[in-house]
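For reference, the structure discussed in these notes is given below.
No value in this document is a laboratory result; all are computed from the given coordinates. Quick caveat: nothing in here was measured; it's all calculated off a predicted structure. Ideal geometry is used to build each Cβ from the backbone, glycine not excepted, and the neighbour counts take in all protein chains shown.
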Amino acid sequence: MGSAQRSSRKGKSKKKGYPLGVDKMKLLKESLRNAPVIMKGNYPYFIHPLTDGIPEIDPAVLKDAINEIIKVIDIDAFDKIVAVEAMGLPIGVALSMELTKPMTVIRKRPYGLPGEVEVEQQTGYSRGKLYINSISPEDTLLLVDDVLSTGGTITAVVEGIRKIGAKISDIVVVVNKNRNIEELEKKVGQNIKTIVNIEIVKGKVRILD
C-alpha cells in the first residue's frame, strides 16, 4: 500500500504533530535504509531502534513517526491507546503524552486479573500468547504497533479486543513489510494504516513509499 492509498484512509486529525521541516519522514526513512538485516532461519529480519530498541532510539526519529501517525488518525474517535509489548510501547507512550490519552499495554505474561483475555500469537519467527487487560466493552481504541510482517500479532490482538466487545477506531503500524495487506485487512475486518512501507532485497531495506 503506497502513499496515495494510505492518504485516502486518513482520518480527520484536529491536532498537528511535531514540526519537522519540509522533507517528511527524512530521519525515519534514512534510519530504515541503514538498518542491518539478519536471518532468523529463512526469515529476513531488519534491526531498527523503533522495532527492536537497538541501537538506541533517537528521539527525533520517534518524533518523526509520531508526527505521521497523528496525521492519519481521528484523535476524537477513540478514548484509549492500545500498544503491544515490547516495541509498541515507545510509540504508545509518545502518543499518549502528546494526545493526553490513556494507554494500556498488551503483555506477553498473564496477571490473572478479572476480565483478562488470552490470545494465541504467531509471527514469522515465533509463536506465543498475549494477555489483554484494562479494556472494557465501552472502550473505543487506537491500536498501534511498531511493525507489520506476517500480521500474526495484529490478528491475535483484534480477535481479543472483539472478544471483549470494545471497538477499534484505527489500526496504525509504523513500518509495514507485509505484501498482502489487503488480505490481512479482510481477515481482521478493518483498514490498517501504515506510515512507511518497506521490502528487504538482497539483505537491504528498500523504502517503497
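Some observations on this one:
- Cβ crowding within 10 Å averaged over residues, with 177-183, 72-78 ranked highest first: 72-78, 177-183
- Descending semi-axes in Å of the range 78-144, equivalent ellipsoid built from Cα gyration tensor: 21, 16, 9
- The range 29-76 versus the range 132-203: alpha-carbon centroid distance in Å: 16 Å
- Remark: the range 53-70, residue by residue, has Karplus-estimated 3J(HN,Hα) of x, 9, x, 4, 6, 7, x, 5, 5, 4, 4, 4, 5, 5, 4, 6, 4, 4 Hz, where x stands for each Gly or Pro and the curve is 6.51 cos²θ - 1.76 cosθ + 1.60 at θ = phi - 60°.
- The equivalent ellipsoid of the range 141-208 has semi-axes of 24, 11, 9 Å, largest first, where each one is the square root of 5 times an eigenvalue of the Cα gyration tensor.
- Gain in span if fully extended, Ser126 to Glu138, counting 0.36 nm per residue against the direct Cα distance: 1.1 nm
- According to the Kirkwood relation over distinct C-alpha pairs, the hydrodynamic radius of the range 3-207 is 17.3 Å.
- Computed lengthening from Lys40 to Ala77, 0.36 nm per intervening residue step minus Cα-Cα distance: 9.5 nm
- Karplus (6.51, -1.76, 1.60) ³J(HN,Hα), θ = phi - 60°, over the range 126-133, in Hz, Gly and Pro reported as x: 7, 9, x, 10, 10, 10, 10, 10
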